[in-house]
Amino acid sequence: MLSLSRTLVQGLLALLPFQHLHQPSTMADLDPTTQTNYKQVSTENVAFEWLVDFDTKIISGSATHTLKIKEDEPKEVIFDTLDLEIQEATVAGNNATFELKPKHEVMGSALHISLPSGLKEGSTTTVTITYKTSKHSTALQWLAKEQTQGKRFPFLFSQCQPIYARSLAPLQDTPSNKITYDAKVTSVLPALLSAIRVSPPADGPAHDGKEIGKDLVTYTYRQPVPIPSYLLAIAVGDLRYRPFPQFEDKQWKTGVWAEPEGIEQAYWEFSEDTARFLAEEEKVVSEYRFGVYDLLVLPPSFPYGGMENACLTFLTPTLVTGDRALVDVVVHELTHSWFGNGITHAHASHFWLNEGWTTYMERLLQEYLHSPAVRGFQYIIGEKALKDSLRGYEKTPKYQRLIIDFEYGEDPDVAYSSIPYEKGANLILHLERTVGGLDVFVPYIRDYVKTFSGKSITTWEWKDHLYSWFEKNGGAEKIKALDSIDWNAWFYGEGIDLPVKMEYDSTLAKEAYGLAGRWDAARSVEDVGRLHFSESDVEKMDTNQIIAFLERLSTYSALPSNLTTHLGTVYKLSSTPNAEIRFRFYEIALADPSSPAAQTFADEAAKWVVGNDDTGIIKGRMKFCRPTFRGIAKVNKTLAIDTFKPNKSAFHPIAAKLIEKDLGLAKHDV
Ligand code: BES
Ligand code: ZN
C-alpha cells in the first residue's frame, strides 16, 4: 500500500540526524493530506455535470476524469472523497469495480477504482464517477433565503482550500497536481464557477432571461489553465454582474458579482483599484494568465476575508465599508494569481510559499502605488497578528515553524494562522535587503515566476532556484550574502521572535502609537470627564491607523473598566459598523475577564458576533468570529457556548468546526 510505505519511509527519515538541513527525499515530499496515488496516475482534466438542488441541499451528477498514466500497469486509480455517495464508476465507458474505503476523520474516504490491465506509461484513459454530495459537505454552505441580503432566494457557496474540494467531487485533492476543467451546472438560480463563462453570457440578461428561482438554466464554464483542486469553486444565488471599465488596452476583463441589493456598493468599493493593481502587478512581474479577474461579494457567513478562486475571487461583505478602506484584501487575492495560482505550494508543509510570497508582493505593490510608508505600515500591522499567532501555538511549537512537517493525515486547518503570511513575508523582505535591495531583487522575482508558473513546488525547489539565479547574477558576493541567512532558523525556528530583528518604515504608525500612549497614561485618572479625549483624535486617521492604535493599546495591560467604556463611546468603537475595528475593540474590552466592563462587553460581543444586534449580520469571517468567541469564553464560557450552539448552522461548516475546537466542544455534544 502506498500510504503505508509512505508512513514508514517518513518515520525512518525522521530518525535520520540533520534531515532538516538537507533536502528531504522525494518520498517525504508526498502530499500528507491525500490518500490518492497521484504519482502513478494523475488527472489532467475533469468534466463536471451537476444539478444543484436547493430543496434537498445536494449537488448530484458526475465527474469525468481524463487520466494520465505515469507508471506502467497501474492496477487502480484512487480519488479523495469526503461524505460523497458514489453511485457508479466507468473506465473508458465500461462499468468498473470500485471500493469506497472507511472514512479517515481528516482525509475522508479513499475511492479505489480498478483499471484494466495493459495501461502503459504516457497513455490516457477516462473515468466517470456518478455521485451525490451530502447535506453535510464540508466545502458547501447552503443558506436559507433569510440569510441572504435580498432575503428572496436561497444561496450556495463553496470553500475548498485547503482540503475540502473532495467533499464537492471525487478528486485527487492535492495541490501537487494541476487540472483544467469543464463544467455544466444546472440550477434555478445563476451559477458561478472559478473558470471562464462559456454560456450564457455574463453580461446578458440575468438567468438567461428565464424566471429566477423557478426555471432551470444550464451554465457552462471552462477553466483552460491548469489549477490545483483547492481553487475549484461554485456559488449559486440571485447574483448580478457589473463589469469594471476596460483598463487601457488590456486583454483581460474585470468586474464584480453581488446580489442585486448590494451590486452598486460593491461596484463603487472595488472599481477604482482592481484593474489598477492587476496592471501594476503585470508591470512588476508578468502577464495575467487567467483572462478574467472577477470579484464575488458573498453573504456574511463567508469564512475568510478573501479566497483567490481562479478567475473569481470570493470576498466577505465586510469589505464593503463605503470608504474603500479594505481593498488591501483584493490586492492580496489578485496577487495570488501569480503566487499560489501560478506557482503553487506542493502541499500543506510548504503553504508559506503561497501566503508569504503573496503578502510580500501585495506590500511591494502598495509601495509602488502609494508609498514606502504604506508598505512599512502593513508590516507593522502584521507584527501584532504574528505575535498573537505565535503565542497561540506556544503549547504546540511545531506550528510556529514556517515549514511544518505534517504527519500523514494531520489536519492543515489546525495550523492555519498568520505565521506563514508574516514569517514568510519577512523572510522574503529580509532576503531582498540582504541581496542588495529592489533593483536586484525584482529581476530575480520575475525569473522565479517565469521558471515555476504552472508548477507546484516545495521550499527546496524555491531555494535551489534562488541560489542558482544569484550565482548567475552576482556570483560569489551574492552567494556569500545568501549564506549569511540562518535558513534553519527561518524554516524551523520556534518561539515568538523572528530570527532577525526587522525594521520598518513607521511614519504612519507614529500618530496612532502616540494616541495609544495617551490612553495608557490616562489609566490613573479617576474621572473620565477630565480626560481630553474626543472624536477629533481619530478623525484624520484611516482604518489601518485606528487598527494600529487599538493593537498598540492591546499590548499594554488591560485598561480599567471606566476607561474601556469611555474608549468605546468617545470614538464610537463599540458601535462602529466596521468589523475590523469593532472586533479589536472587543479584544481590548475583554482583556481582563474579571473587570465589570468585560462582563458588559462580553454580552455585547456575543450579540454582535451572531448578528443579534444593530448590524443584524453574522460575523462569519473566522478572523473576527474565532477570537471573539475565544474572548467571550475567557470571560464567560457558558455565554460563549450558549451563543454558538443555537447559531451553529449560520456559520460555514469550516468555521463551525474550528469554533467548536476553540471552545472545547466535542463534536457529538453540539
Ligand atoms: N487563500 C487564503 C485563504 C485560505 C487560506 C483559505 C488557507 C483556506 C486555507 C486567502 O488568500 C487569504 O489569505 N485570505 C486572507 C486575506 C488577507 C491576508 C488579506 C483572509 O481571509 O484573511
Ligand atoms: Zn492569501
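The values are calculated or read from the model by the stated rules, or taken from the named source; none is laboratory data. In this text, all values refer to a predicted model and were calculated from it rather than measured experimentally. All Cβ positions, even for glycine, are placed from backbone atoms using ideal geometry, and neighbour counts span all protein chains on display. Heads up: the accessible areas ignore ligands, DNA and RNA and are worked out on the full protein's heavy atoms, side chains in. Shrake-Rupley method; radii C 1.70, N 1.55, O 1.52, S 1.80 Å.
Details
- Hey, Ala640 over 19 Å from Thr318 (Cβ atoms), open to solvent by less than 20 Å² (accessible area, probe 1.4 Å) and modelled with pLDDT of 95 or more or not: yes
- Restricting the first member to the stretch 73-88 and to residues that are touching a residue at least 12 places away in the same chain (Cβ under 8 Å), and the second to residues that are of a type in the set (Lys, Arg), the beta-carbon pairs closer than 6 Å and six or more apart or on different chains are Asp80/Arg166; Thr81/Arg166; Leu82/Arg166; Glu85/Lys132.
- Against the list (1) within 12 Å of ligand 1 (Cβ to nearest atom); (2) within 16 Å of Phe277 (Cβ to Cβ), the condition Phe314 fails is (2).
- Residues satisfying the stated conditions in the stretch 46-71, i.e. crowded, with 17+ Cβ neighbours inside 10 Å and in contact with a Lys or Arg (Cβ under 9 Å, 6 or more places away or on another chain): Ala47, Phe48, Glu49, Trp50, Lys57, Ile58, Ile59, Gly61, Ile69
- Among (1) closer than 22 Å to Lys657 by Cα; (2) open to solvent by 20 Å² or more (accessible area, probe 1.4 Å) - the single one Lys450 does not satisfy: (1)
- In the condition set (1) open to solvent by less than 10 Å² (accessible area, probe 1.4 Å); (2) over 23 Å from Ala206 (Cα atoms), Leu295 is compliant with all but (2).
- Looking only at the stretch 589-626, and only at residues there that are surrounded by fewer than 24 Cβ atoms within 10 Å (Cβ to Cβ) and of a type in the set (Val, Ile, Thr), the one that is modelled with the lowest pLDDT: Thr615
- Test: residue in the stretch 524-540 that is in contact with an Asp or Glu (Cβ under 7 Å, 6 or more places away or on another chain), β-branched (Val, Ile, Thr) and under 29 Å from Thr615 (Cα atoms): no
- The set of residues in the stretch 544-566 that are in a loop (DSSP other than H, G, I, E, B) and either open to solvent by less than 40 Å² (accessible area, probe 1.4 Å) or in contact with a Ser or Thr (Cβ under 9 Å, 6 or more places away or on another chain) (or both) comprises Ala558, Leu559, Pro560.
- When we screen Glu282, Glu287, Glu269 for residues that are without any contact (Cβ under 8 Å) to a residue 60 or more places away in the chain, open to solvent by 10 Å² or more (accessible area, probe 1.4 Å), more than 14 Å from ligand 1 (Cβ to nearest atom) and in a helix (DSSP H, G or I), the only hit is Glu282.
- Thr313 open to solvent by 10 Å² or more (accessible area, probe 1.4 Å) and among the β-branched types (Val, Ile, Thr): no
- Filtered by the rule that a residue be part of a loop (DSSP other than H, G, I, E, B) and of a type in the set (S, T, N, Q), the stretch 567-612 gives Ser574, Ser575, Thr576, Asn578, Ser594, Ser595, Asn612.
- Restricting the stretch 327-351 to residues that are within 11 Å of ligand 1 (Cβ to nearest atom) and touching a Pro at 6+ places or on another chain (Cβ under 7 Å) leaves a set whose member that is most open to solvent (accessible area, probe 1.4 Å) is Phe351.
- Contacts under 8 angstrom Cβ, first residue in the stretch 456-474 being over 17 Å from Gly342 (Cα atoms), partner aromatic (Phe, Trp, Tyr), 6 or more apart: Lys463/Trp487; Leu466/Tyr444; Leu466/Tyr448; Trp469/Tyr444; Trp469/Tyr448; Phe470/Tyr444; Asn473/Tyr444
- Of residues in the stretch 326-374 being near ligand 2 (Cβ under 10 Å from one of its atoms) and of a type in the set (Gly, Ala, Ser), the one farthest from the chain's Cα centre (by Cα): Gly356
- Exactly one residue out of Glu367, Glu362 is open to solvent by 10 Å² or more (accessible area, probe 1.4 Å), away from ligand 1 (no atom under 13 Å from the Cβ) and closer than 18 Å to Ile428 by Cα: that is Glu367.
- Within the stretch 107-159, the set of residues being open to solvent by less than 60 Å² (accessible area, probe 1.4 Å), part of a loop (DSSP other than H, G, I, E, B) and closer than 27 Å to Ser187 by Cα comprises Thr133, Ser134, Ser137, Thr138, Ala139, Ala144, Thr148, Gly150, Phe153, Pro154, Gln159.
- Candidate set: the stretch 291-304, residues that are in a loop (DSSP other than H, G, I, E, B) and more than 11 Å from ligand 2 (Cβ to nearest atom); chosen: the one farthest from the chain's Cα centre (by Cα): Gly291
- When each of Pro200, Pro175 is tested for being within 20 Å of Thr81 (Cα to Cα) and either buried (at least 20 other Cβ atoms within 10 Å of the Cβ) or not acidic (Asp, Glu) (or both), the lone residue that passes is Pro175.
- Residue in the stretch 388-409 that is open to solvent by less than 10 Å² (accessible area, probe 1.4 Å), over 30 Å from Glu367 (Cα atoms) and within 16 Å of ligand 2 (Cβ to nearest atom) present: no
- Taking the criterion of being small (Gly, Ala, Ser) and open to solvent by 40 Å² or more (accessible area, probe 1.4 Å), the residues of the stretch 72-98 that qualify are Ala92, Gly93.
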